[in-house]
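Visitor: Please find one structure pasted underneath; my questions will follow.
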Amino acid sequence: MLRRIGTTGLLVIALTACGGGGGAAEVGPTGGKAAPPAQSTTPAASPTPAQSPVQRVLARMSVEEKVGQLFMPVLYGTAADTVSGENQARYAAQTPAKVIAKYHLGGVILFPQNVRSAGQVVGLTNGMQRASKRVPLLIGTDQENGLVSRMSALMTDFPGAAEIGATRDTGLSREVAEATGTELRSLGVNLDFAPVADVNVNPRNPVIGRRAFGDDPQKVARMVAAAVKGFGDAKIAATAKHFPGHGDTSVDSHTGLPVIKHTKAQWERLDAPPFKAAIEAGVDAVMSAHIVFPKLDPSGDPATLSKPILTGLLREKLGFKGVVSTDALNMAGVRMKYNDGEIAVRAVLAGADLLLMPNDLPRAYGAVLAAVKSGRISKERLDQSVTRLLTLKQNRGLLTEAPVASAERAAEVLRSPEHRKLAARA
């Protein structure tokens, strides 16, 4: 089922735990205050008949709405109208619906704290979609299966990537991804932050390990490509992570800043093949890693904030044209050198499109908005990111109509006999 957005054609169509606080917005790297997010008094440009659907949506958006499209925070509560002290403290808005409206959010990520039952999650995702008046939301989660399974309370217990990779059966990888995507879609989730495209070449790796398909770059590449196609079969967006490759580290980027000393030649041989394969398979998004890769960028900044890596390697060398997502911006690996507002600005300047889980959403939103208004982030650069996000939504049927999940459909799909047999075979 689909819910149409707007009242006159396309006129009103326009989409790892969170920290921070509902503080004042930041205008730049040195601090300062900015007004709370509000609608621009400058009218958006009028569309022309020759424009594509994405261009028509973009032309009707204010700068504030465009900036909001970049952000995907975690919200608190099990319904769109749940009053939560966490939401009030972090975002100065009590309910998920009010946070979505206040910041013109492009997306939301779900965690176990948002999950009670299938019917409840369906109600939550439908309610959040209704709260997004201009553009349907990307509603994402980390459902890798195995170790990282945010929706495990409701979904089929499929084995993780290491177990599937050990079979060397690409058909199985595709089938499991399709089944996973089908179950997520029944709940109203339309973006999965999977598959993991890292090659686990370091046995001491504390954060990837069995989340990867294995330690052979070519095998991992084949399994990743199959999984991307499987998610596509389920009509759900897939995300290859964590670029440029998080496999050879002994530091967890949630708590520290890993440094990988591969040469560029080693990167091309060990780390790049799964990402190349994912791109060739049509992956919707690629997630950056909070890791320093001195031979790819000597600045000392993590890849999430590195233009040579996100734009130079991912966009220009590998030819990726889809959405670049950051890893969670509340992680220690990205927060060691800059404040929360500056991190968001630098991520956009580096080439990121989707800013996942900022530690302080009001500050990050205010900083990016101020950077656009000052010209530090050009309007053209902002439009590039919003166009990519809107294009992803169009490709997944989310641009002009918001999906309406069905509790009855979810009951049929979740842990179905067919999916349980597939899990047992896997």
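Visitor: What distance in nm separates the simple spin-label points at Q218 and K261, each placed 7 Å from Cα in the Cβ direction?
Guide: In this crude label model, Q218 to K261 measures out at 2.8 nm.
Visitor: What is the packing order of peptides 166-177, 182-193, 211-222, taking the mean over residues of other C-beta atoms within 10 Å and listing the highest first?
Guide: 182-193, 211-222, 166-177
Visitor: Considering the options A347, W267, H246, tell which one lies farthest towards the positive end of the dipole of segment 59-425, charges being +1 on Lys and Arg and -1 on Asp and Glu at the Cβ, about the Cα centre.
Guide: The residue sitting farthest along the positive end of the dipole is A347.
Visitor: Let me ask something else about it. If you roll a 1.4 Å probe over the chain with all protein chains in place, what percent of the accessible area is carbon or sulfur?
Guide: So the carbon and sulfur contribution to the accessible surface is 51 percent.
Visitor: Name the residue farthest towards the positive end of the dipole of the chain from the options S406, G171, I291, assuming +1 on Cβ of Lys and Arg, -1 on Cβ of Asp and Glu, about the Cα centre.
Guide: S406
Visitor: On to the next question. So how do 376-384, 154-162 stack up, highest first, on mean other-Cβ count within 10 Å?
Guide: For the peptides 376-384, 154-162, the packing ranking is 154-162, 376-384.
Visitor: Same structure, new question: For S117 and Q88, FRET efficiency with R0 = 25 Å and r from the beta-carbon atoms, rounded to 0.05?
Guide: With a Förster radius of 25 Å, E is 0.50.
Visitor: Further, regarding this structure: If I model a spin label at S152 and E316 as a point 7 Å from the Cα along the Cα→Cβ vector, what separation in nanometres do I get?
Guide: 4.2
Visitor: Related question: Dipole size in debye (nearest 20) for segment 59-425 around its Cα centre, Lys and Arg Cβ +1, Asp and Glu Cβ -1?
Guide: 600
Visitor: Applying a 10 Å radius around every beta-carbon, put 56-64, 83-91 in order of their mean neighbour count, most first.
Guide: In descending order of packing, they fall as 56-64, 83-91.
Visitor: Still on this structure, I have one more. Just to confirm, what accessible area per residue do you get for segment 59-425 at 1.4 Å probe, in whole Å²?
Guide: 33
Visitor: Starting from the 7 Å offset along Cα-to-Cβ, what nm value, one decimal, do you get for the label separation of Y338 and R269?
Guide: Going from the Y338 label point to the R269 one covers 3.3 nm.
The values are calculated or read from the model by the stated rules, or taken from the named source; none is laboratory data. All figures in this text were calculated on a predicted structure; none of them were measured in a lab. Reconstructed Cβ throughout: ideal geometry from the backbone, glycine too, with neighbour counts over all protein chains shown. The accessibility values were calculated without ligands, DNA or RNA, using every heavy atom of the protein model including side chains. Shrake-Rupley method; radii C 1.70, N 1.55, O 1.52, S 1.80 Å.
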